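The values are calculated or read from the model by the stated rules, or taken from the named source; none is laboratory data. In this text the structure is predicted, and so the values were computed from the model without any measurement. Note: ideal-geometry Cβ built from the backbone for every residue, glycine included; neighbour counts use all protein chains shown.
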Amino acid sequence: MSVEYDLVIVGGTRVAREAAIATAVRKARVALVDPTLQPNSLDWSAPPPLVTQALVEIVNKAHQARRLSQTGLIRPITQGVSWPAAWDWARHTAEQVWRERSLTQLATSGVDAIAARGEFVRRPRLAFVAGDRLLRSRTFLLAPAWATQIPSIDGLATVSPWTPATLWAAPTAPPLPQTLVVLGEGAIALELAQTFNRLGSQVTLVTTGERLLPQADLDVSHLLQAQLEAEGVTILSHTPITQVRSLEGKKWMQVGPRALEADEILIANWSAPQLEGLNLEGAEVQHSATAIVVNSRLQTTNPRIYACGSSASRALSEAIAQAEVHTILRNALFLPLFSFREKAFAHFVATDPPFAQVGLTAAQASQQLGRDLQPVNIPLKQVGIAQLRNEITGFCKLVVDPRGYLLGAQVVGSQAREIAELLAVVMRSRQTITTLEQVSGGTSSFASMLQMAAIAWQQQELKRDRTWQDWLEGWFDFRRARAR
């Protein structure tokens, strides 16, 4: 008996829907199994990350408008953004984006969309049971949603803390807390701490790690911490949380040697894939509470089953997950020959100023090559458009190997995402940094930083190479001597 499908996709994420449509466009037979499928609306019991992203974006835009009004160039804006209005706008925006991948569009594209829960079976052959249907396919794709785990801190679960998902579960906006404690040191923690501070909450950000954004260079962590603290966010780093209690309508936390009182606690770390009930053990797919084991081709330990968003860093970056899908479809629908290089794709943090990273940090690159690498660092204040817009906080730092190939970049400041995406293309295409000399735009473009960085790197390398300096000096002596 032949298989029914070329690919069966299991998951309720936006990336899963886009993968299904992309598969159908390639004329392959595809089924999407998603228990949250609804005709034209979101399942708000498990909202997608994009609704939180929408909240962060609108609050940042409102803050920028208010900051512009303080220059006297436009009518003064004396009030901040309304929390209920921002909450409603974020939900509405998320629904509009979600409708672009609605059940109707899936069906129109040729996707067999199945609203049911299911599990893998191995006998007599590998298949996926969805409701009362047995789906047989050449290959399968896991695209699970991710949920916040409540860390095992004494009393924390009993006080019903917020998570990025529970913010949207009620039909109306929950009351804005006067005092809010945010737990975490990653991108979502920084974004939400700054957002609620700008909405009017008194925010304390508590991290169990030594610093914010541990995957970034130290100067990035320090700059973003200084920005948050300048806006009024209290940051407690490397601080253990021993217990949480609810007393007289308030939530109390023992944080190191001090007790914190808060109206609400928001957990912005400890994400885990939702894999319950899929019988991955029976399908011989290895996984942990925080990741699915995949190889460089994004195959799980069962080579017929692929996974995108296999770790929190990948799943919470929609751009990374979409790039993974591109590789998976080439492997799953044709031949498994293509590898995925996560380091060649940009990660983004939507703080203000924003931060984007691609590839290795300077420390990682130096350790990998076994020699110290001096990164090229261009401050944003050297860029004309940054001065014109009064957006001079930040820098562009490139890590380049001795041959001129880009190993990594960290960008803080306006247009950080766009600049990092351009640098990611340079990395993936294996072009040298001298390619960036061709970037044009002058004072009207933030990308002019890249041209400046390419020139700075060449000057840096020239200073190190005494032989090349002597040759150039001799060459120009020769040219001048023969000139008439």
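Of all residues assigned to the stretch 438-458, at least one qualifies as being out of contact with any strand residue (DSSP E or B) (no Cβ under 6 Å at 6 or more places or on another chain), within 30 Å of residue 327 (Cα to Cα) and surrounded by fewer than 14 Cβ atoms within 10 Å (Cβ to Cβ). Elements of the type strands (runs of 3 or more DSSP E) sitting completely within the stretch 103-144 and holding at least 2 residues that are over 16 Å from residue 37 (Cα atoms), of a type in the set (A, V, I, L, M, F, W, C) and free of Cβ contacts under 8 Å to residues at least 40 places away in the same chain: these cover 127-130. The residues listed here are 325, 285; of these, the one that is in contact (Cβ under 8 Å) with a residue 12 or more places away in the chain and assigned to a loop (DSSP other than H, G, I, E, B) is 285. Determine the pairs where a residue that is modelled with pLDDT under 90, located within the stretch 382-406, has a partner that is crowded, with 23+ Cβ neighbours inside 10 Å and of a type in the set (Phe, Trp, Tyr) with Cβ atoms under 9 Å apart, the partner being 6 or more residues away or on another chain. So the pair list comes out as 383/446; 385/446; 386/446; 391/446.
Pairs linking a residue in the stretch 258-277 that is crowded, with 21+ Cβ neighbours inside 10 Å and hydrophobic (A, V, I, L, M, F, W, C) to a residue that is assigned to a strand (DSSP E or B) and modelled with pLDDT under 90, with Cβ atoms under 6 Å and 6 or more positions apart or on different chains, are 267/148. Determine if the stretch 156-175 includes at least one residue that is aliphatic (A, V, I, L, M), within 21 Å of the chain's Cα centre (by Cα) and at pLDDT 95 or above. No; the residues of the stretch 156-175 include none that is aliphatic (A, V, I, L, M), within 21 Å of the chain's Cα centre (by Cα) and at pLDDT 95 or above. So residue 160 clears everything in (1) within 30 Å of residue 365 (Cα to Cα); (2) surrounded by fewer than 17 Cβ atoms within 10 Å (Cβ to Cβ) except one condition, right? Which one? Result: residue 160 fails condition (1) only. Looking only at residues of the stretch 397-452 that are β-branched (Val, Ile, Thr) and outside any helix (DSSP H, G or I), we find that the one that is nearest to residue 224 (Cα to Cα) is 412. Of all residue pairs spaced 6 or more apart or on separate chains, those with beta-carbon atoms under 6 Å, a first member in the stretch 233-253 that is in contact (Cβ under 8 Å) with a residue 24 or more places away in the chain and a second member that is basic (Lys, Arg) are 237/211.
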